[in-house]
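First up is the structure itself, then whatever we jot down about it.
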Amino acid sequence: MKLAETIERWMGRVEVALAGAEGHLKDGQASLAAGEPMRARAHAHALLAKVPGSPIGLALLADACELGRLDAELALTLEELAGRVPSRADVWVRLGRVREGVDETPAEAREAYVRALTVAEGGSDARREALLALTDLDIAEGDGARAELWLERVADDTAPDVALRRAEARLAQNDVESAKRWLATFESATTDGRGALARGRALAFEGRPEAFQQLLRALVLEARGASEALADALARIASSDEMRARIKTVIEGQPAESEARWRAAFARAEGRRDEARRALREALSAGDRAAARPLLDAALDDHDPEALAHALSAFPESSQDPVVVDARKLPSPERVADPRQAFAVLDELATIRDGRASPWAKVLREAVLARWIPAGTSDWTSLLERLDAHARALHDLTATARVAELSILRTRPVRLAIVGEFNAGKSTFINAFMGADVAPTGVLPTTATLHHLRYAPDPLAKIFFFQPGDPAAPKHEDRILPVSELRATLKSLDSGDVRRVEILLPLTSLTQVEILDTPGFNAPDPRHAAAAREAFEEADFAVWLLDASQPMKKSEESVLAEARAHDLPVQILLNKADRLKPDDLEKVMTMVRESLANAGLSSWQEPLALSARLALAGRLGDKDALEASGWSHIQALLDAKILGQSEQLKERAIRHRTRKVVTSLAEAAVAISRREAERDDAMLRRAQGFAQRAAKLDRDVEEASQRVMGALSRDALAWKRDLEVIATGRDEDALTKDPVLYRYRVDRATFHLAQTLARVLAGLGWEGEREIARAETEELPTARTLVRTFAATGGSADALYPLARSAVTTLIERLFALATAPSTQGQAAGIVTELRSLEDQLAPKRQ
């Protein structure tokens, strides 16, 4: 039906008849029926000359302009008509359509549709059109979440045009699976270009060549956005020569401004990526704004900062498109290269969630982290500060303490563990190495606990004990004592109670190296065997002593494999070589090399043989013993390959320990990320529930208003009785003008009605006893405001409909506001991504 006929039926033609302009109206309508828009326009102007501002005349002119495609005049006419009949939702809808057509800003078209929604009757065609139009605007802007909220308010949710928009809204949120489910609910007609476009885009999201057929159909049917979607698919999905030829044939009739965009699509399809980006930039610079999205996609795929900046300049700052939002977070090359910006850059990269921007974000993140972890010495100050920040953000106190320990470890000398089985001569080797009898040899008869030798200006020893598992059992107090008393003290103790011993000595050599003298791995007490394994974590390097008389037992191979798993460099030495003849010693050395090779193990340098007993005697003054011990080769190895490479060994060890902290933090972040995801899912379900209840109330607003009135009826009678008491003997004029009585009227209304109104609104908008009870408290201030406004403006206890309708309308808007409230984005997922990258950077580089 023409707009003029609709307005005429609504208003009547009395004013037109009185002005003698009825003939112009009839002739204008006849001209429209005959398809003569210019004659109809002339009659409309003649009518308006006699009846200026006539809604019927403006409607007739609007119909004529629409038929004649006089868009500019149509827009001006509808603007004036909307001002004359602001309660006509159909006029506002028409105005919104025209504003879209004349390239006004989306905000101006949106304003018209919202005005239509405000005045439209429930269930009317105009209301449905306004909701679908608002949906289309949000889909075009990439805001699929808000588009779905408009769709919630459409009554016939399963209608094909609604289901299609549901699918489009899901595609705008990169949710292909949900989009496909909506598309499966209806069949598209062969002439439905928009449906073909949605189906083609869903297939293109999955990289399926079948997308071309649907997108070609959409292009032929002139579906809006089909050209852009097909060009994007051509650039991203592998295509045959035959398909490219078909596409070229179809696009021959495309507008000239899209030529560069298509040139780019074909260039990209044929592997000429640089040429494709240049063509897209050319198209965008020439005014083809549709080239912005493919240029953005190409920039993200090719990691081109200049193309990215060019593409993003074409998108509004308010864009909610997830790809655009994340692309804006990608830092410039200058910021990535600036060490002062490292933390800020990593923080921004951690918030990127969209899959399109993620690969580039990963590259940029690794570039920042690689500067902290180069081939040489790491930037431990920045790295540990970053880890400390993550540990605190995750509230991981254990990790925070471990990061602090790493900072301390950087300042100590290289730490050397002497390991092997019982009676391998470990303590004797240490005494020989130090040139003094510092390790308690033969105490038990063998070292049963972990001994840690380090430098201190004054000699002393510390004994640390295992604590009983039973809290009620007496605890052992750790001891500090003179080194001279250590051996006797250890003899007096139960070795099973001693966890470790620290020996602090003023030896210059201990400023260069710390020594861990370990229990045997075959210790009878499993706690001591565990202490020996702890040395793998504490040490930067290990010297493994084998007993030359029985080397490379299976148990030793197993523990050596553990050391390798800890990425701990191990030097193999054969002790007690003086017990073998030279020929036998050479056979043993060959056997050791073969056993290591067969087990997939290796020594830091070639295994060497020695006699630690003779070396100690030699170091204490026996030159012949020193010569016979083989110590000169050992000393050369220690000086050149261990002490001489102490910084590299420390760096390697600290990287290993840091990686373990990073792994632990990542696991904690993963757990928190899962909880955040569950929270976000719960919030999403909650928001969807609010949207669905708001939409139902919006559709059934009259029914809901009647329910509110019914709930308030008893309290309204109590309010009425209160007013009747004070009205007795007073004239009505005094009741309305007396400020004291006025306040009494409002206060009594609030007293009787507000609590009940809050309760019924909570019941309409929320579910579950606890939720309703909480909502009742939250809604009480709003209810009081509504009641006071109602009573203050003359509201009556006998006419509660205005209050009820206003309350329901307010509730609907509040529920929609809750449905659109932004969720708090958790940071744990971003931390996980960064920590996993850091884990890879810290991993040992296998040769």
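The values are calculated or read from the model by the stated rules, or taken from the named source; none is laboratory data. Keep in mind that what you see is a predicted model, and the values were worked out from it rather than measured. With ideal geometry, Cβ positions are generated from the backbone for all residues, glycine too; neighbour counts draw on all protein chains shown. Just the protein is used for accessible areas: all its heavy atoms, side chains included, with ligands, DNA and RNA removed. Shrake-Rupley method; radii C 1.70, N 1.55, O 1.52, S 1.80 Å.
Here are Leu81, Leu32, Leu47: which of them is closer than 22 Å to Val119 by Cβ and either open to solvent by less than 60 Å² (accessible area, probe 1.4 Å) or not in a helix (DSSP H, G or I) (or both)? Within the list Leu81, Leu32, Leu47, the selection yields Leu81.
Picking from Ala417, Ala424, which residue would you name as being in a loop (DSSP other than H, G, I, E, B), small (Gly, Ala, Ser) and more than 31 Å from the chain's Cα centre (by Cα)?
Working: Ala417 fails: in a loop (DSSP other than H, G, I, E, B).
Exactly one of Ala417, Ala424 is in a loop (DSSP other than H, G, I, E, B), small (Gly, Ala, Ser) and more than 31 Å from the chain's Cα centre (by Cα), namely Ala424.
Which condition number does Pro339 fail, the rest of (1) over 27 Å from Leu369 (Cβ atoms); (2) open to solvent by 60 Å² or more (accessible area, probe 1.4 Å) being met? Evaluating Pro339 over (1) over 27 Å from Leu369 (Cβ atoms); (2) open to solvent by 60 Å² or more (accessible area, probe 1.4 Å) leaves (1) as the failure.
Return yes or no: is Ala238 among the small types (Gly, Ala, Ser), surrounded by fewer than 17 Cβ atoms within 10 Å (Cβ to Cβ) and outside any helix (DSSP H, G or I)?
Details: among the small types (Gly, Ala, Ser): yes; surrounded by fewer than 17 Cβ atoms within 10 Å (Cβ to Cβ): yes; outside any helix (DSSP H, G or I): yes.
The answer is yes for Ala238.
Any residue that is acidic (Asp, Glu) and more than 16 Å from Leu137 (Cα to Cα) - is there at least one of those in region 160-174? So that I can check it myself, show each step before the final result.
To start, the set of residues in region 160-174 that are acidic (Asp, Glu) comprises 161, 168.
Filter once more, keeping what is more than 16 Å from Leu137 (Cα to Cα): none.
No, there is no match, as no residue in region 160-174 is acidic (Asp, Glu) and more than 16 Å from Leu137 (Cα to Cα).
Considering region 365-389, and only residues there that are in a helix (DSSP H, G or I) and over 27 Å from the mean Cα position of the chain (by Cα), the residue that is surrounded by the fewest Cβ atoms within 10 Å (Cβ to Cβ) turns out to be Thr381.
Quick check on region 242-251. Is at least one of its residues open to solvent by 60 Å² or more (accessible area, probe 1.4 Å), under 18 Å from Gly271 (Cα atoms), assigned to a helix (DSSP H, G or I) and basic (Lys, Arg)?
Yes, region 242-251 contains a residue that is open to solvent by 60 Å² or more (accessible area, probe 1.4 Å), under 18 Å from Gly271 (Cα atoms), assigned to a helix (DSSP H, G or I) and basic (Lys, Arg).
Only one of the numbered conditions (1) at pLDDT 90 or above; (2) under 30 Å from Leu626 (Cα atoms); (3) among the small types (Gly, Ala, Ser) is violated by Gly420, and that is (1).
Residues that are modelled with pLDDT under 90, closer than 30 Å to Asp458 by Cα and small (Gly, Ala, Ser) number at least 1 in the following helices (runs of 4 or more DSSP H) confined to region 501-605: 526-538. Total residues in region 754-773 satisfying the condition of being in a helix (DSSP H, G or I), open to solvent by 70 Å² or more (accessible area, probe 1.4 Å) and either touching a residue at least 12 places away in the same chain (Cβ under 8 Å) or among the aliphatic types (A, V, I, L, M) (or both): the figure is 2.
Okay, residues lined up against (1) closer than 18 Å to Phe790 by Cα; (2) at pLDDT 90 or above:
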{"site": "Ala687", "(1), (2)": "no, no"}
{"site": "Val701", "(1), (2)": "no, no"}
{"site": "Gly710", "(1), (2)": "yes, yes"}
{"site": "Asp715", "(1), (2)": "yes, yes"}
{"site": "Thr736", "(1), (2)": "yes, no"}
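Look at Ala628 and say whether it is open to solvent by 60 Å² or more (accessible area, probe 1.4 Å) and touching a Leu at 6+ places or on another chain (Cβ under 7 Å). Here the answer is yes, as Ala628 does meet what is asked.
Give the residues of region 484-513 that are touching a His at 6+ places or on another chain (Cβ under 7 Å) and under 17 Å from Leu453 (Cα atoms), sorted by residue number. Once the filter is applied, which keeps residues that are touching a His at 6+ places or on another chain (Cβ under 7 Å) and under 17 Å from Leu453 (Cα atoms), region 484-513 yields Arg500, Val501, Glu502, Ile503. The single condition among (1) closer than 26 Å to Pro316 by Cβ; (2) over 38 Å from the mean Cα position of the chain (by Cα) that Gly96 does not satisfy is (2). Among the residues making up region 786-797, those that are open to solvent by less than 50 Å² (accessible area, probe 1.4 Å) and more than 47 Å from the chain's Cα centre (by Cα) are Ala791, Ala792, Gly795, Ser796, Ala797. Candidates Lys660, Lys623: the one that is closer than 30 Å to Leu406 by Cα and modelled with pLDDT of 90 or more is Lys660. Would you confirm, using the coordinates I've provided, whether Arg201 is touching a Leu at 6+ places or on another chain (Cβ under 7 Å) and either without any contact (Cβ under 8 Å) to a residue 60 or more places away in the chain or open to solvent by 60 Å² or more (accessible area, probe 1.4 Å) (or both)? Taking the combined requirement at face value, the residue satisfies it.
Would you be able to say whether some residue in region 55-64 is on the phi > 0 side of the Ramachandran plot and either at pLDDT below 90 or in a loop (DSSP other than H, G, I, E, B) (or both)? No, the conditions are met nowhere in region 55-64. Among the conditions (1) in contact with a helix residue (DSSP H, G or I) (Cβ under 7 Å, 6 or more places away or on another chain); (2) buried (at least 21 other Cβ atoms within 10 Å of the Cβ), Leu580 misses just one, which is (2). Within region 670-697, residues that are among the aromatic types (Phe, Trp, Tyr) sit with their Cβ atoms under 9 Å from residues that are not in a helix (DSSP H, G or I), at 6+ positions apart or across chains, in these pairs: Phe690/Trp766; Phe690/Ala821. When each of Glu348, Glu385, Glu366 is tested for being over 23 Å from Ala327 (Cβ atoms) and not β-branched (Val, Ile, Thr), the lone residue that passes is Glu385. Determine whether Arg181 is modelled with pLDDT of 90 or more, open to solvent by 70 Å² or more (accessible area, probe 1.4 Å) and more than 24 Å from Gln320 (Cβ to Cβ). So Arg181 fails the test.
For region 255-263, indicate whether the set of residues that are modelled with pLDDT of 90 or more and either among the charged types (D, E, K, R) or farther than 30 Å from Ala145 by Cα (or both) is non-empty. Break it down stepwise before answering.
Initially, region 255-263 is screened for residues modelled with pLDDT of 90 or more, giving none.
No: zero hits.
Here Glu121 meets each of (1) acidic (Asp, Glu); (2) more than 22 Å from Ala226 (Cα to Cα); (3) in contact (Cβ under 8 Å) with a residue 12 or more places away in the chain; (4) part of a helix (DSSP H, G or I) with one exception, condition (4). Each residue in region 390-406 was checked for being touching a residue at least 24 places away in the same chain (Cβ under 8 Å) and either crowded, with 16+ Cβ neighbours inside 10 Å or touching an Asp or Glu at 6+ places or on another chain (Cβ under 8 Å) (or both), and 8 pass. Taking the criterion of being open to solvent by 40 Å² or more (accessible area, probe 1.4 Å) and either among the hydrophobic types (A, V, I, L, M, F, W, C) or in a loop (DSSP other than H, G, I, E, B) (or both), the residues of region 486-500 that qualify are Ala488, Asp494.
Residues of region 677-708 that are surrounded by fewer than 18 Cβ atoms within 10 Å (Cβ to Cβ) and either under 16 Å from Glu767 (Cα atoms) or among the polar types (S, T, N, Q) (or both): Ala682, Met683, Leu684, Arg685, Arg686, Gln688, Gly689, Gln692, Gln706. Scanning region 465-484 finds one or more residues that are within 21 Å of Glu534 (Cα to Cα) and in contact (Cβ under 8 Å) with a residue 60 or more places away in the chain. The selection criterion, being modelled with pLDDT under 90, surrounded by 18 or more Cβ atoms within 10 Å (Cβ to Cβ) and polar (S, T, N, Q), does not hold for Ser124.
Within region 798-823, the set of residues being in contact (Cβ under 8 Å) with a residue 60 or more places away in the chain, farther than 19 Å from Ala695 by Cβ, open to solvent by 20 Å² or more (accessible area, probe 1.4 Å) and not in a helix (DSSP H, G or I) comprises Asp798, Ser823.
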